[in-house]
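Written below as structure tokens is the structure these notes are about.
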Amino acid sequence: MATDKDFVDFVVEQIQNTGSIHAKSMFGEYGIFSDGKIFGLICDNK
């Protein structure tokens, strides 16, 4: 099951105050980046 963009936006919004956070589509799912370095993945809405 693919991850919903709405879920990714929600996660990024929740952790936005910790720094420069953004999500990038990778390998059909999403990587979560802080200051240009990957620190998390969102796969199957998890």
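Bear in mind that the values in this text are calculations on the coordinates, not laboratory data. The shown structure was predicted, so the numbers you read here are calculated from the model rather than taken from an experiment. Backbone-built Cβ (ideal geometry, glycine too); neighbour counts: all protein chains shown.
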task = Taking amide H positions as placed in the peptide plane 1.01 Å from N, state which residues far from N45 in sequence (5 or more) or on other chains have amide H under 5 Å from it.
result = T3, D4
ask   = Does anyone have the angle between helix 5-15 and the longest principal axis of the chain? Alpha-carbon axes, 0 to 90°, nearest 10?
value = 30
task = Using all C-alpha to C-alpha distances in the chain, build P(r) with 10 Å bins and read off the rounded percent in each one.
result = 31, 59, 11
inquiry  = Using the basic label-point model (7 angstrom from Cα toward the beta carbon), what is the V12 to E29 distance in nanometres?
reply    = 1.8
request  = State to the nearest 20 debye the size of the charge dipole of the chain about its Cα centre, where the only charges are +1 on K and R beta carbons and -1 on D and E beta carbons.
outcome  = 160
message = As I understand it, the dipole of the chain uses +1 on the Cβ of Lys and Arg and -1 on the Cβ of Asp and Glu, about the Cα centre. Which of Q16, S34, T3 lies farthest toward its positive end?
response = S34
note = Calc'd 3J(HN,Hα), region 16-22, phi into Karplus 6.51 cos²θ - 1.76 cosθ + 1.60 (θ = phi - 60°), Hz, glycine/Pro = x, comes to 4, 6, 8, x, 7, 9, 8
